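Below is one structure, written out as structure tokens, with a few remarks after it.
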């Protein structure tokens, strides 16, 4: 039977590398984002479907998974990769921007993984992955809202792992501790830069795939990834 995967919050970095990794491993992939225009080239490259979804809107998430239900006989892998920020000194943080960021970073995660779990539980199998950050475990100055969202997402992952592992669903959270190389965002290393200043998204994707393929006798619920030059 065809293996299937959905990536919510798909873009050009970690999610694109993971989508390619999934395709190379025989998965049929669905990509979801608010703006599907940015997904067109990737979708064509790996033969994926692209879906419009505002992950913080329950109606939009329900519509996305209904579309996926029509295409997939079952769901094997779900990655939640969306996040948002409201940076600045705490006294200056825009409250509406903060509200939106928290909805995207944490509430949206609940909506997506809840929908995925509902589809995996009847089969007693599946993998749910959530992308975290340094801010999942460390609150930085001028980044309180991002830390709030990522702390909440980590708590969601930990609670789900404890609840769903005995039912055959593998839930894993990834602490991406460092910047991720992305030419589109200017994250490239010059000739004189220290090698691997940024995490390689393809290397991250390999770690995601390793977790997907872990035997259930030795599952991990959390994995921290950082380049060798990054301080703990």
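Return yes when residue 135 is part of a helix (DSSP H, G or I), within 17 Å of residue 171 (Cα to Cα) and at pLDDT 95 or above and no when it is not.
no
Filter the range 119-132 down to the residues that are outside any strand (DSSP E or B) and in contact (Cβ under 8 Å) with a residue 40 or more places away in the chain, then identify the one that is surrounded by the fewest Cβ atoms within 10 Å (Cβ to Cβ). Even if it seems obvious, please write down each step before you answer.
Narrowing the range 119-132 to residues outside any strand (DSSP E or B): 119-125, 132.
Keeping just the survivors that are in contact (Cβ under 8 Å) with a residue 40 or more places away in the chain gives 119-121, 123-125, 132.
Working: 119: 19, 120: 24, 121: 14, 123: 13, 124: 9, 125: 15, 132: 25.
That would be 124.
Is there a residue being modelled with pLDDT under 95 and surrounded by fewer than 22 Cβ atoms within 10 Å (Cβ to Cβ) anywhere in the range 39-61? There is no residue in the range 39-61 that is modelled with pLDDT under 95 and surrounded by fewer than 22 Cβ atoms within 10 Å (Cβ to Cβ).
Can residue 211 be described as out of contact with any helix residue (DSSP H, G or I) (no Cβ under 9 Å at 6 or more places or on another chain) and either in a loop (DSSP other than H, G, I, E, B) or at pLDDT 95 or above (or both)? Reasoning before the result, please.
Working: out of contact with any helix residue (DSSP H, G or I) (no Cβ under 9 Å at 6 or more places or on another chain): yes; either in a loop (DSSP other than H, G, I, E, B) or at pLDDT 95 or above (or both): yes.
Against the criterion (out of contact with any helix residue (DSSP H, G or I) (no Cβ under 9 Å at 6 or more places or on another chain) and either in a loop (DSSP other than H, G, I, E, B) or at pLDDT 95 or above (or both)), residue 211 qualifies.
Taken over the range 7-31, the residue count meeting the criterion of being farther than 11 Å from residue 81 by Cα and not in a strand (DSSP E or B) is 10.
Checking each residue in the range 144-163 for being more than 13 Å from residue 106 (Cβ to Cβ) and in contact with a helix residue (DSSP H, G or I) (Cβ under 6 Å, 6 or more places away or on another chain) picks out only 144. If I filter the range 1-15 for residues that are touching a helix residue (DSSP H, G or I) at 6+ places or on another chain (Cβ under 9 Å) and farther than 23 Å from residue 132 by Cα, do I get at least one hit? Looking for residues that are touching a helix residue (DSSP H, G or I) at 6+ places or on another chain (Cβ under 9 Å) and farther than 23 Å from residue 132 by Cα, one finds at least one in the range 1-15, hence yes.
The values are calculated or read from the model by the stated rules, or taken from the named source; none is laboratory data. No experiment lies behind these values; they were computed from the predicted model shown. Counting neighbours? That spans all protein chains shown, and the Cβs are built from the backbone with ideal geometry, glycine included.
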